[in-house]
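Undergrad: Would you mind keeping the following structure in view while I ask a few things?
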């Protein structure tokens, strides 16, 4: 936890009701270390408050649960098309790999959105849950085998970051030698640093080459299926839907696994039940989705016209983000007692409305299977460093650990 002096300057020195409070940074190590302290400060200015998501780039952040729902469900007032806003930021802005317009379901409205989203949802519907679970279990078994004899591991670098991408690359038929390249590209773009543009470009390059090859020689994978879907997407549209699905299927799932494992290892309510199986894994994941959602702030929207929204005047084309983390903290079921919760699911970690995440079910299956496999294979699992010393990756959009060092009883070969 940070001290008050460590929290980014902003609402702390504003007068309540001030119509023009200073924008609060959502980038840098202070925000990453204790984002909830920042959200509490932002609420002093009502349900919608100004933030800085990169040096010199401001947005409005919705921190109220009901206001978030209202925004996510109101496609008449708010658009997902970022092109007008995009003209207000430098063309090399590190935010554009996440927020810059592309012909995908994420940046489209109406019939265009429905067309793109149908391709993605139809494709994901082809993933048989039992086959996906078996594939994830196989990959988990192989990854655990690389460190189980050592008695120690970094569960982010050695496990959580490597497992989801194997599932994603299998779905789309990506050559295994490109898996690490895809992970590096996805991580780089989400962190929104000066390397973000090049990182996203690398992801697109891998997918573009693969789509061109499948157009000539189809295979039994989702890439070929996207190309032959009745929606009739061209190569560029297919590339963009695949990159969107890969990013949505990998980065948040990696963070979900890591954050849930941290909860299992540090929350006293899980003591004695760490190796309890699927229910324990599901409970930890559900609590993370409420309290440490792997994507903390996103769902970019832009008013179609000047609007007053929950008391805040917002100009047409302005960037408005939803803080799933802040909104969830208002509505979350209580924790901290002796009993584990029953798994309430009204959180906003998957967003809501027409743009709710279509990859929810496979992401949950991957995360639950990953945790089950790890806790069933390793005994005496514990953190190798105090939890207070763990580092969180800076960035306005995600909630993600840098590392998760653990020790355990070595497994004899």
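Undergrad: Does residue 327 count as at pLDDT 95 or above and exposed (fewer than 14 other Cβ atoms within 10 Å of the Cβ)?
TA: no
Undergrad: Also, I was wondering about something else. In the stretch 94-115, how many residues are within 17 Å of residue 318 (Cα to Cα) and without any contact (Cβ under 8 Å) to a residue 60 or more places away in the chain?
TA: Adding up the residues that qualify gives 5.
Undergrad: Sticking with this structure for a sec: Limited to the stretch 103-133, what total is found for residues that are within 25 Å of residue 185 (Cα to Cα), at pLDDT 95 or above and assigned to a loop (DSSP other than H, G, I, E, B)?
TA: Qualifying residue count for the region: 3.
Undergrad: While we're looking at this one, here's another question. Go through the stretch 330-353 and report how many residues are within 18 Å of the chain's Cα centre (by Cα) and at pLDDT 85 or above.
TA: 8
Undergrad: Still on this model: Is it the case, given these coordinates, that residue 394 is farther than 25 Å from residue 105 by Cβ, in contact with a helix residue (DSSP H, G or I) (Cβ under 6 Å, 6 or more places away or on another chain) and either in contact (Cβ under 8 Å) with a residue 12 or more places away in the chain or not in a helix (DSSP H, G or I) (or both)?
TA: For residue 394, the condition - farther than 25 Å from residue 105 by Cβ, in contact with a helix residue (DSSP H, G or I) (Cβ under 6 Å, 6 or more places away or on another chain) and either in contact (Cβ under 8 Å) with a residue 12 or more places away in the chain or not in a helix (DSSP H, G or I) (or both) - is met.
Undergrad: Of 168, 174, which residue is surrounded by 22 or more Cβ atoms within 10 Å (Cβ to Cβ), part of a loop (DSSP other than H, G, I, E, B) and modelled with pLDDT under 95?
TA: One residue alone meets the criteria, 174.
Undergrad: Give just the number: which of (1) farther than 19 Å from residue 36 by Cα; (2) at pLDDT 95 or above; (3) outside any loop (DSSP other than H, G, I, E, B) does residue 363 not satisfy?
TA: Going through the list (1) farther than 19 Å from residue 36 by Cα; (2) at pLDDT 95 or above; (3) outside any loop (DSSP other than H, G, I, E, B), residue 363 breaks only (2).
Undergrad: Oh, and also: Residue by residue through the stretch 233-260, note down the ones that are over 30 Å from residue 373 (Cα atoms) and touching a helix residue (DSSP H, G or I) at 6+ places or on another chain (Cβ under 9 Å).
TA: 233, 235, 236, 237, 238, 239, 240, 241
Undergrad: Could you check how many residues of the stretch 268-304 are assigned to a helix (DSSP H, G or I), under 19 Å from the mean Cα position of the chain (by Cα) and either under 20 Å from residue 356 (Cα atoms) or modelled with pLDDT under 85 (or both)?
TA: The total comes to 7.
Undergrad: Looking at 158, 122, 154, 180, which is the one that is surrounded by 13 or more Cβ atoms within 10 Å (Cβ to Cβ) and closer than 29 Å to residue 228 by Cα?
TA: Working: 158 fails: closer than 29 Å to residue 228 by Cα; 154 fails: closer than 29 Å to residue 228 by Cα; 180 fails: surrounded by 13 or more Cβ atoms within 10 Å (Cβ to Cβ).
Only one candidate passes the filter, namely 122.
Undergrad: I'd like to know if the stretch 202-215 contains one or more residues that are assigned to a loop (DSSP other than H, G, I, E, B), in contact with a helix residue (DSSP H, G or I) (Cβ under 8 Å, 6 or more places away or on another chain) and surrounded by 17 or more Cβ atoms within 10 Å (Cβ to Cβ).
TA: Here is the first cut: in the stretch 202-215, the residues assigned to a loop (DSSP other than H, G, I, E, B) are none.
Checking the stretch 202-215: not a single residue is assigned to a loop (DSSP other than H, G, I, E, B), in contact with a helix residue (DSSP H, G or I) (Cβ under 8 Å, 6 or more places away or on another chain) and surrounded by 17 or more Cβ atoms within 10 Å (Cβ to Cβ).
Undergrad: Hey, can you tell me all the residues within the stretch 61-102 that are touching a helix residue (DSSP H, G or I) at 6+ places or on another chain (Cβ under 9 Å), in a loop (DSSP other than H, G, I, E, B) and within 15 Å of residue 303 (Cα to Cα)?
TA: 74, 75, 77, 80, 81, 82
Undergrad: So, one more: May I ask you to verify whether residue 9 is at pLDDT below 95, under 30 Å from residue 386 (Cβ atoms) and under 22 Å from the mean Cα position of the chain (by Cα)?
TA: Criteria not met by residue 9.
The values are calculated or read from the model by the stated rules, or taken from the named source; none is laboratory data. Source: prediction; values computed, not measured. Neighbour counts run over all protein chains shown; Cβ positions are idealised from the backbone, glycine included.
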